[in-house]
Amino acid sequence: MGDRDLELLEFHKIRKILAGFTSFSTSQELALNLTPLSDEEEVRLRLKQSAEARRLLALSPDIHIGDVVDIREVVKMAARGKVLDPQSLLEIRKTLAAAHRLKKHLMNLSSELPLLSGLARDIVALEQVVKDIDGCLSPTGDLLDTASPKLASVRHRMREVRQELHTHLEAIIRSPRGRRIIQEPIITEREGRYVILVKVECRRQIKGVVHDVSNTEATVFIEPWTTIDVQNEMRELVAEERDETERILRTLSAEAGAFESEISRNIELIAEIDLALAKARYAREAKATEPIIVAAARSAEAEGHEPVGVLRLVEARHPLLGKKAVPLSVEIGRDFSVLVITGPNTGGKTVALKTIGLLSLMAQAGLPIPAQAESRIPLFGGVYADIGDEQSIEQTLSTFSWHIGNIVHIINNATAQSLVLLDELGTNTNPGEGSALARAILLHFLSQGTMTVATTHYSELKALAHATDGMQNAALDVDPVTMTPTYHLTVGIPGGSNALATASRLGLLAGIVTRARHMLSQGAQEIEALLTHLVTEQKNIESLRHSLEKELSEAEQSDADLKNRLRQVEEDRRKIIKETRDQIVREAAELHMKIREAATDLRKEKSRERIEQAKKTLAEAQGQLNTETWQARPAVEIDEKEAEAGSITAGDTVWLKEAGVPAIVLSVSEERGLVEVHAGKVKMTLRLDSVEKRIPSTGAVKTGGTLITRRLSKSRVPLELDLRGKRADEVEPVLEDYLNEASLCGLSQVCIIHGIGTGTVRQIVRDILTSHPLVTSFRPGEQGEGGEGVTIVSM
């Protein structure tokens, strides 16, 4: 991409905007030097990094790289032996610590941010360097006493000597003689030595070294002779402190300089991450997204001759216009490669041209663009623009000459992989010649397959675009009533220039406009009227399309709501079935429990009163079994498969597949495929395929001349039950369960093993069998069956 084309499309302004979102000088420099790329993989990588950065901002809205400074030059000097000052070391410490925090944060999100965490993974966390600097320098840059044992010792002795000096000098000041000779009772320093302020006329009354005289010459600054040795020691300690300080700073500097390459690489990686974050912050403010990048399949033989694909911008906005930008939607490269845009002056033709070019440049620079995410931008080998007016008096170039020179450059360099943008093609010369030249230029770019967008006012170009395959018209609309621009682009029809309406809107005298209108030919006026009518019809079609899309959306929403309601009804139905099944199971369990308790009472209590009570309980249970819920069907000897195949009618007993319980059919609607049933105390409507008609041939128990249908157990029951080792209180429930299962499985004879022993278990077994409703008879086992150790039961 040429610098002149980037300048004409104002790409440099995008760089500055992006740089404003960076956090330190290195990433800012990257933003200001950003250029569009032609390498497909690199462009896609940059856009993916931008998308990940937007994801990072969504996960961590306050993410920031921290106190990072470009310390590469400082570290470079340290690597060459320079002793760094404490503030430079603090900058190194803050930058390395921030790099470590950034790396840790991104690595914790590596599954969601693979590209950014990949950059962070290469950051070298120099924790020891940070630790060593922290151990020697305070946050303000002061060297800590703990930086080294020697420094601690020297500073400790300095404090002692300083205190000793102050004590001695204060004693002199407070003494009777001192009060006479002292000008002011303070201790100060001159040339690094502690002195007292003595009246000039009394300077002979105290022995010492005069270091200074006041401006008024009324005071002399004297170091008393008695403190000279201590002061000398202090000077020596100061020199030792200075040497030790320099040694420590030299050590820290050398340690940082040893990692020059690692630190330089860290800065580069952090700058890349910060640049991606800057793109994300720009995208958040401009409501921008990463477009889809498309590229033609190139071959070595056809390099530069195959078309680049389809450019599709959806709701695109010029990035420099902010909220004033009117969205632009356009598609080029599918049915045509040359688009001719016409419309009124100040109607937005140049803005549309720049929007297409600038967004293409931004996408190839890896930047999100202010457009919908479904926007597609080809990978152009070059973007060329002829926009504006750069007349040069010094080079004796007219406006026309400048434009032609620019177009010559474009023709010599553009290929089928290029995007060419031409503003007001063929103007600034004789209209007839300019129009012919413009048509020839567009046909040239059409012949070599170059994607081209041109703006014009020439009717001949509108006609060419209408009549030529591969070319298409587009118009910047105007309000048909007020004739003011709407800045909306409509592809498929040419636009009118509306020069007279524009001049009138901008304040030209009405008389002049009227006279100009009379001067227009009848044909020109009719063409303008026709174009206005076409724009109006186009608006009506667009309005109808939006209305139909809205109705379709509402219908789809209604369909989704209906499906949700049906899903809820199905869930409620399943819930009712489950509750009904649970209720029936509970009622059946209660009835079974009453029967068992009554049978037990009959066996244990022989009194008439207890027998009558047990009979009463059995009668109540029998009465519940005779209710509609448990009503049995007459026994009919038919094949079960044949019963299932028969039609279901009112009064039939059916089996609820999901609930696993019987029910009585109340009504059937074959047209709707529904059946109304009564199960227990619940009425419900179900699908026909959720019930089945059954008349079982096995597993039925006769009660009062009827068959009570039961669902056969799927498990196998053994032919014998071993009760040996059971306690007396365990025998009855185990035997009850076994006899029930044996009956449900249709066993005609079973064997109860109870052993001989004391005979207690045998007696309990036979007492239970005596009154059990499922047992027809029983006998002791024969010699080959186990004798008195077993009881043979006929079911």
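The values are calculated or read from the model by the stated rules, or taken from the named source; none is laboratory data. In this text, all values refer to a predicted model and were calculated from it rather than measured experimentally. Backbone-built Cβ (ideal geometry, glycine too); neighbour counts: all protein chains shown. With ligands, DNA and RNA removed, areas are computed over all heavy atoms of the protein, side chains included. Shrake-Rupley method; radii C 1.70, N 1.55, O 1.52, S 1.80 Å.
Before moving on, here are some points about what is shown:
- Verdict on V750 being modelled with pLDDT of 85 or more, part of a strand (DSSP E or B) and either of a type in the set (A, V, I, L, M, F, W, C) or surrounded by fewer than 16 Cβ atoms within 10 Å (Cβ to Cβ) (or both): yes
- Lone unmet requirement of (1) of a type in the set (D, E); (2) in contact with a Ser or Thr (Cβ under 9 Å, 6 or more places away or on another chain); (3) open to solvent by 70 Å² or more (accessible area, probe 1.4 Å) for D132: (3)
- Residues located in segment 148-179, provided they are basic (K, R), open to solvent by 80 Å² or more (accessible area, probe 1.4 Å) and either in contact (Cβ under 8 Å) with a residue 24 or more places away in the chain or at positive phi (or both): K150, R177
- Qualifying residue in segment 461-470 (condition: at pLDDT 75 or above and within 22 Å of S360 (Cα to Cα)): yes
- Near pairs, Cβ below 7 angstrom, 6+ apart or cross-chain, from segment 561-584 (farther than 18 Å from V691 by Cα and open to solvent by less than 100 Å² (accessible area, probe 1.4 Å)) to any residue that is of a type outside the set (F, W, Y) and at pLDDT below 80: Q583/G680
- Among residues of segment 717-744 being more than 24 Å from G787 (Cβ to Cβ) and over 60 Å from the mean Cα position of the chain (by Cα), the one that is least open to solvent (accessible area, probe 1.4 Å) is E736.
- Of the strands (runs of 3 or more DSSP E) lying entirely inside segment 681-746, those carrying at least 2 residues that are at pLDDT below 75 are 682-687, 701-703, 706-708.
- When residues of segment 154-206 are limited to those that are basic (K, R) and either under 27 Å from E246 (Cβ atoms) or not in a helix (DSSP H, G or I) (or both), the one nearest to the chain's Cα centre (by Cα): R155
- Tally of residues being of a type in the set (D, E) and either under 22 Å from T450 (Cβ atoms) or open to solvent by less than 10 Å² (accessible area, probe 1.4 Å) (or both) across segment 324-383: 2
- The number of residues in segment 57-86 being open to solvent by 70 Å² or more (accessible area, probe 1.4 Å) and under 18 Å from S25 (Cα atoms) comes to 4.
- Out of T452, T490, one residue alone is part of a strand (DSSP E or B) and at pLDDT 90 or above. It is T452.
- In segment 207-225, residue nearest to H166 (Cα to Cα) [restricted to those that are β-branched (V, I, T) and at pLDDT 90 or above]: I222
- Leading residue by the ranking (nearest to S23 (Cα to Cα)) among those in segment 87-125 that are open to solvent by less than 50 Å² (accessible area, probe 1.4 Å) and in contact with a strand residue (DSSP E or B) (Cβ under 8 Å, 6 or more places away or on another chain): L90
- In segment 391-410, the residue that is modelled with the lowest pLDDT out of those that are open to solvent by 50 Å² or more (accessible area, probe 1.4 Å) and farther than 21 Å from N430 by Cβ is I393.
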